Amino acid sequence: MENGALKGLKIIDLSRVIAGPHCTMILGDLGADIIKIEKKGEGDMSRGYAPYYRGESTYFMTHNRNKKSITLDFRHPKALDILYSLIKNADVLVENFKAGTLEKMGLAPAKLLECNPKLVITRISGFGQDGPYADRPCFDAVAQSLSGLMDITGFPDGDPTMVGTYVCDLTSGLYAAIGTLAALLAREHTGKGQVVDISLLDCACGLTHSAIINYYLLGQVTKRNGNQDRASWPATFYPTKDGRLAFIHAGQDPAFAKFCKMLGREDLLSDPEFAHLTGRANHIQECDTLVASWTKEHTLKEILDACEAIGIPCSRVNNIEEMAHDEQLIYRKMIRPVEDSRFGTITASGPVIKMSDTNPDVYCTAPRLGEHNHLIYHQELGFTEEEIKHMEEEGII
């Protein structure tokens, strides 16, 4: 953490499950000091999500590295005083409760900014802090459904399909981290903190790409398109001789020309209907038949080698086991060994961001519930050993 880009930044993390923890994990990877405040006795609800490794939820472990954990019972009358003591010297507070919950807890942004005018308050919720849906509960799948993202995912003759991971939660965490950093930069000029308002539905809507402008300007309603690229052809998955799938993107004109020459079909290049992308839009099935007739006669390795030799984007469809051993991901330390105080050396994911001078790192694995109670309450807030013991007996921490 000594060389982290966000070294010296203190963040109070009230979030749980994915979106908020993913945001604070990114900031923690960058060197910020993250103090995760959890419900006494239970902690972040994701600690209870299977599967488990030696009693610890891998779900929780994934999004909570580089953090300190303390417990606090918000129902106790003394809890708010303790929390405000932490907030007084913090740079950022992150929460992902339903809209209005922070206010009900006695932590309205106006009061928080009165306590600490420089505080950045990052709020992540299903539908945002205002609007007709603000009071509704929301999960990732709800955001996928309402945004239209689910309806444009899958095959034309099939049902709408969920994306294979919690894409709205993860995207919300990313946008929350970006918004937090932007607010911190703005604070350098204004001297003031502010509220960052992130909505899962907004983020899901943003993932629909050009669907909105296409609808309002062109009258087009984006439909499910299977695995076919929406903008260029041929570009999809093709069967191989050895029963695998190869993704080949020869949709741009120079790539298609190379592909045709490789197959000995230069004759197609004299036909504008095939030589140019606008023409191939009318012959998608024919283009796919051309590619598939070749891939069916070759093994996956032969296809990959041939496409690489002429610079055409091509890849196999990795399953998770294959991905977990991918040499590029291992080289980039996306899959890496990390040291855990309980388990020794384990293999886990690494930071996505790479930097030349202040490179993010995994400074510590996910904490045990309340692991840093003594460190924070004693060293950070100045409570004596007796006071901490008394708070434990009272059930405050």
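Counting only other residues whose beta carbon sits under 14 Å from that of residue 171, what net charge do I get with K and R as +1, D and E as -1? Intermediate values should be presented prior to the final figure.
Working: positive: none; negative: 140, 169, 202.
With Lys, Arg at +1 and Asp, Glu at -1, the net is -3.
Heavy atoms only, 1.4 Å probe, whole protein assembly: order 237, 274 by accessible area, highest first.
Details: 237 70, 274 25 Å².
These residues rank, largest area first, as 237, 274.
State the answer as a single residue: which of 377, 362, 388 lies farthest towards the positive end of the charge dipole of region 339-397, with beta carbon charges of +1 for Lys and Arg and -1 for Asp and Glu, about the Cα centre.
362
In nm, what is the difference between 0.36 nm times the number of residues separating residue 321 and residue 247 and their Cα-Cα distance? Walk me through the numbers before you get to the answer.
Details: separation 74, 0.36 × 74 = 26.64 nm, distance 1.84 nm.
Length gained between residue 321 and residue 247: 24.8 nm.
Solvent-accessible area of residue 135, probe 1.4 Å, all protein chains present, reported in Å² to the nearest ten, please.
Approximately 120 Å² of residue 135 is accessible to the 1.4 Å probe.
Could you give the size of the charge dipole of region 252-397 about its Cα centre, using +1 on the Cβ of each K and R and -1 on the Cβ of each D and E, expressed in debye and rounded to the nearest 20? Present the calculation step by step, with values, prior to reporting the outcome.
On the way: 14 positive and 27 negative charges, 143 e Å.
I would put it at about 680 debye.
Which FRET efficiency value, to the nearest 0.05, do you get for residue 285 and residue 355 by plugging their Cβ-Cβ distance into 1/(1 + (r/R0)^6) with R0 = 45 Å?
Details: r = 45 Å, r/R0 = 1.01.
Once the sixth-power term is evaluated, E becomes 0.50.
Compute the distance from the alpha-carbon center of region 195-249 to that of region 5-58, in whole Å.
31
Hey, which of these cross-link pairs are over 20 Å Cα-Cα: 7/98; 223/296; 40/78; 88/192; 68/88? It would help to have the intermediate numbers written out before the result.
Working: 7/98 30 Å; 223/296 29 Å; 40/78 14 Å; 88/192 14 Å; 68/88 18 Å.
Those over the limit are 7/98; 223/296.
In whole angstrom, note down how far apart the Cα centers of region 335-391 and region 85-105 are.
21
Hey, can you rank 106-117, 7-18 by average C-beta count inside 10 Å, highest first?
On the way: 106-117: 15.3, 7-18: 20.8.
Going by the mean number of other Cβ atoms within 10 Å, highest first, we get 7-18, 106-117.
For the chain, what is the mean residue ellipticity at 222 nm derived from helices alone (per DSSP H run of n ≥ 4: -39500 (n - 2.57); sum divided by total residues; nearest 500 deg cm²/dmol)? Please list the in-between numbers first.
Values: 17 runs with 144 residues, N = 397.
One gets -10000 deg cm²/dmol as the mean residue ellipticity at 222 nm.
In nm, give the distance between the simple-model label positions of residue 294 and residue 58, each being 7 Å from the Cα along the Cα-to-Cβ direction.
With each label placed 7 Å out from Cα toward Cβ, I get 3.9 nm.
Using only Cα atoms, locate the centre of region 172-186 and the centre of region 261-317, then give the distance between them in Å, rounded to an integer.
If you average the Cα positions of each part, the centres end up 42 Å apart.
Given charges of +1 on the Cβ of Lys and Arg and -1 on the Cβ of Asp and Glu, with all other atoms neutral, how large is the dipole of region 62-148 about its Cα centre, in debye to the nearest 20? If you can, show how the numbers build up before the last one.
Details: 12 positive and 9 negative charges, 58 e Å.
My answer is approximately 280 debye.
By accessible area of protein heavy atoms, probe 1.4 Å, what ranking do 335, 397 get, highest first?
Values: 335 30, 397 10 Å².
I get 335, 397, largest accessible area first.
Projecting each Cα onto the charge dipole of region 20-166 (Lys/Arg +1, Asp/Glu -1 at the beta carbon, about the Cα centre), which of 21, 82, 102 comes out farthest on the positive side?
Result: 82.
List the GluC sites (Glu not before Pro) within region 37-105 that DSSP assigns to loop and that have no more than 13 neighbouring Cβ atoms inside 10 Å. Intermediate values should be presented prior to the final figure.
Working: sites: 38, 42, 56, 95, 103; in loops: 42.
Passing both the DSSP loop test and the Cβ count: 42.
Towards the positive end of the charge dipole of the chain, with charges on Cβ (+1 Lys, Arg; -1 Asp, Glu), say which of 263, 289, 218 has the farthest Cα.
Checked the options; the winner is 218.
Out of all DSSP beta bridges with both ends in the chain, state the antiparallel percent to the nearest 5.
On the way: 16 of 36 bridges.
Antiparallel bridges make up about 45 percent of those DSSP assigns within the chain.
Mind telling me which of 250, 183, 141 comes out most flexible in a GNM of the chain, alpha-carbon contacts under 10 Å?
Taking springs between Cα atoms under 10 Å, the residue moving most is 250.
If ligands, DNA and RNA are left out, what is the accessible area of residue 118 with a 1.4 Å probe, given in Å² to the nearest 10?
110
On a 0 to 90 degree scale, rounded to 10, what angle separates helix 253-263 from the longest Cα axis of the chain?
50
Using the Karplus equation 6.51 cos²θ - 1.76 cosθ + 1.60 (θ = phi - 60°), what ³J(HN,Hα) coupling, rounded to whole Hz, does each residue of region 117-131 give in order, writing x for Gly and Pro?
Coupling constants for region 117-131: x, 9, 6, 9, 10, 9, 10, 10, 9, x, 10, x, 7, 8, x Hz.
Order 295, 190, most accessible first, counting only protein heavy atoms with a 1.4 angstrom probe.
190, 295
Simple spin-label model, 7 Å along Cα-to-Cβ: residue 133 to residue 10 in nm?
For residue 133 paired with residue 10, the spin-label model returns 3.7 nm.
If you place +1 on the Cβ of every Lys and Arg, -1 on the Cβ of every Asp and Glu, and leave all else neutral, what size is the dipole of the chain about its Cα centre, to the nearest 20 Debye? Numbers along the way, then the final one.
Working: 41 positive and 53 negative charges, 67 e Å.
Computed about the Cα centre, the dipole is about 320 debye.
Roughly how many Å² of residue 276 are accessible to a 1.4 Å probe, to the nearest 10?
90
In nm, to one decimal, how far is the residue 110 label point from the residue 80 one, both placed 7 Å along Cα→Cβ?
Placing both labels 7 Å beyond Cα along the Cβ direction yields 1.4 nm.
Isolated Cys in the chain by the 4.7 Å beta carbon test?
Taking the Cβ cut-off of 4.7 Å, the unpaired cysteines of the chain are 23, 115, 138, 168, 203, 205, 260, 287, 364.
The values are calculated or read from the model by the stated rules, or taken from the named source; none is laboratory data. A quick note: this is a predicted structure, and the numbers were derived from the prediction, not measured. Please note: Cβ atoms are built from the backbone with ideal geometry, for glycine as well, and neighbour counts cover all protein chains shown. Each accessible area value is taken on the protein alone, full model and side chains, heavy atoms only, with ligands, DNA and RNA left out. Shrake-Rupley method; radii C 1.70, N 1.55, O 1.52, S 1.80 Å.
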